Amino acid sequence: MPVVTVGPATVHVDAEGFLTQYDEWNEELARQLAARIGIELTDEHWKAISFLRADYPTHGETATLRRVSTLAGIPIKQLFVLFPGKPAKKMAYVAGLPKPRGCV
């Protein structure tokens with residue numbers, strides 16, 4: 001697995017840049033990752049990220065948009081506003097989780 005430096009942190013990533021070690025993530029790293037894709041994190045972003053981080057250990061995979069929307073109470077349209085383009089992929093990236101199944 002490649003190792004990259006993001007801000008002051010050195011982290012393990014896969015070929016697409018997604019973190020592979022759950023415990024290497026922290027909020028400062030999330031800010032750095034978000035900045036790399038042009039996102040400045042707000043409280044709304046953190047709500048989605050926090051949900052993903054809490055959900056992952058229980059289910060062993062990154063939650064789908066529908067799951068985030070239903071259980072975190074964030075409308076899917078709002079997820080597209082917060083994480084434009086490919087919200088599921090971008091949320092997982094910033095949250096330090098594997099790319100969701102079904103994402104190209």
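Give me the pairs: first residue in region 75-104 and free of Cβ contacts under 8 Å to residues at least 24 places away in the same chain, second residue assigned to a helix (DSSP H, G or I) and among the charged types (D, E, K, R), beta-carbon distance under 7 Å, and six or more apart or on different chains, which are they?
These pairs meet every condition: CYS103/LYS89.
Tally the residues that are in a loop (DSSP other than H, G, I, E, B) and within 17 Å of LYS86 (Cβ to Cβ), restricting the search to region 24-40.
Looking only at that region, the number is 3.
Consider ALA72 against the criteria (1) touching a Phe, Trp or Tyr at 6+ places or on another chain (Cβ under 6 Å); (2) open to solvent by 20 Å² or more (accessible area, probe 1.4 Å): it satisfies all of them except one. Which criterion is unmet?
Of the numbered conditions (1) touching a Phe, Trp or Tyr at 6+ places or on another chain (Cβ under 6 Å); (2) open to solvent by 20 Å² or more (accessible area, probe 1.4 Å), the odd one out for ALA72 is (2).
Quickly run through region 33-46 and pick out the residues that are over 22 Å from GLY17 (Cβ atoms) and open to solvent by 70 Å² or more (accessible area, probe 1.4 Å). So that I can check it myself, show each step before the final result.
Within region 33-46, the first condition is being over 22 Å from GLY17 (Cβ atoms), and the residues that meet it are 42-44.
Matches in region 33-46: ASP43, GLU44.
Would you check if ILE74 is farther than 23 Å from VAL4 by Cα, modelled with pLDDT of 95 or more and in a loop (DSSP other than H, G, I, E, B)?
Considered against the rule, which asks whether it is farther than 23 Å from VAL4 by Cα, modelled with pLDDT of 95 or more and in a loop (DSSP other than H, G, I, E, B), ILE74 comes out as yes.
Out of (1) open to solvent by 70 Å² or more (accessible area, probe 1.4 Å); (2) within 27 Å of VAL4 (Cβ to Cβ), what's the single condition that is false for ILE49?
Just one mismatch for ILE49, condition (1).
Can you find a residue that is more than 13 Å from PRO98 (Cβ to Cβ), part of a helix (DSSP H, G or I) and either modelled with pLDDT under 95 or open to solvent by 70 Å² or more (accessible area, probe 1.4 Å) (or both) anywhere in region 3-23?
For region 3-23, residues more than 13 Å from PRO98 (Cβ to Cβ), part of a helix (DSSP H, G or I) and either modelled with pLDDT under 95 or open to solvent by 70 Å² or more (accessible area, probe 1.4 Å) (or both): present.
So which residues in region 60-69 are open to solvent by less than 30 Å² (accessible area, probe 1.4 Å) and outside any loop (DSSP other than H, G, I, E, B)?
VAL68, SER69
Of the conditions (1) open to solvent by 70 Å² or more (accessible area, probe 1.4 Å); (2) under 19 Å from VAL4 (Cβ atoms), PRO57 satisfies every one except a single condition; which number is it?
(2)
The values are calculated or read from the model by the stated rules, or taken from the named source; none is laboratory data. This one's a predicted model, so the numbers in the text were calculated from it and none came from an experiment. In this analysis, Cβ positions are derived from the backbone assuming ideal geometry, glycine residues included, and neighbour counts consider all displayed protein chains. SASA here: full protein model, heavy atoms, side chains in, ligands and nucleic acids out. Shrake-Rupley method; radii C 1.70, N 1.55, O 1.52, S 1.80 Å.
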